[in-house]
Ligand SMILES: Cc1cc2nc3c(=O)[nH]c(=O)nc-3n(C[C@H](O)[C@H](O)[C@H](O)COP(=O)(O)O)c2cc1C
């Protein structure tokens, strides 16, 4: 496929056929994904390949916990889980909110789930002393995650970067036997998509690119 077509059509696949994803395909995908950039080329990614149903179900259940707050905030017109505006929904509202099936089921139903982790001992987290949530560490793992999705697309498969389960990171570390310095970055269901979406909704360039300074004329 032409590169721009791939970039414009690699959607988040959440519904999969019963087709298996053989280990050989996973190795091919990861063998290409590993050329992703990372800070200092330290390549701190680790991938746990989960096929056992019990483990997938537990990862889905753990995702459901954060999904309740996500859904409650979204229903209240908020940007869920952002660190700037405190949540305006209370604990009782979150508790009685149903976790949307689309945020949990793909994880239990996918033929394989990749748990993408990063070894924090090798990540240069340059923004660690700033008074805001860290974002730089993720830049050493999510290009890799995106490469996995593009590789999957190339092989006729698809998946989704999901992060809801990471709110329960200690439980995932226990479930999978991860050391404490290994962070969970994404729980990625993978499989053969039931349907291929090709018209993704994204804002136009002029909405987010500006000249010279914040609020400058849009780059259109
Ligand atoms: C950092 C990150 C976290 C995400 N977390 C979740 C998640 O927990 N569950 C989920 O279903 N999708 C998750 N997504 C997928 C987004 O919902 C998806 O990228 C977005 O809606 C665009 O979808 P599209 O490419 O199909 O248009 C996440 C994506 C990113 C990049």
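Numerical summary
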| item | result |
| --- | --- |
| P(r) histogram, all alpha-carbon pairs of the range 99-167 included - 5 Å bins from 0, percent | 3, 13, 20, 21, 18, 13, 9, 3, 0 |
| Sorted largest first, extent of the range 1-103 alpha carbons per principal axis (Å) | 46, 34, 30 |
| Within the chain, helix-based [θ] at 222 nm, where runs of 4 or more DSSP H residues each add -39,500 (n - 2.57), nearest 500 | -10500 deg cm²/dmol |
| Alpha carbon Rg of the range 151-220, scaled by the compact-globule rule 2.2 N^0.38 Å | 1.71 |
| Convex hull per residue volume in Å³, alpha carbons only, for the range 68-136 | 132 Å³ |
| Overall Cα dimensions of the range 23-82, principal axis frame, Å, largest first | 42, 33, 16 |
| Per principal axis, descending, Cα span of the chain in whole Å | 49, 48, 38 |
| Relative contact order of the chain, pairs being alpha-carbon contacts under 8 Å that are 6 or more residues apart, as % | 33 percent |
| Separation in nanometres of the label points that stand 7 Å from Cα toward Cβ, at residue 84 and residue 208 | 1.4 nm |
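Values in this text are rule-based calculations from the coordinates and carry no lab data. Quick caveat, the model's predicted, so the values are computed rather than measured. No Cβ is skipped: glycine too gets one built from the backbone with ideal geometry, and neighbour counts run over all protein chains shown.
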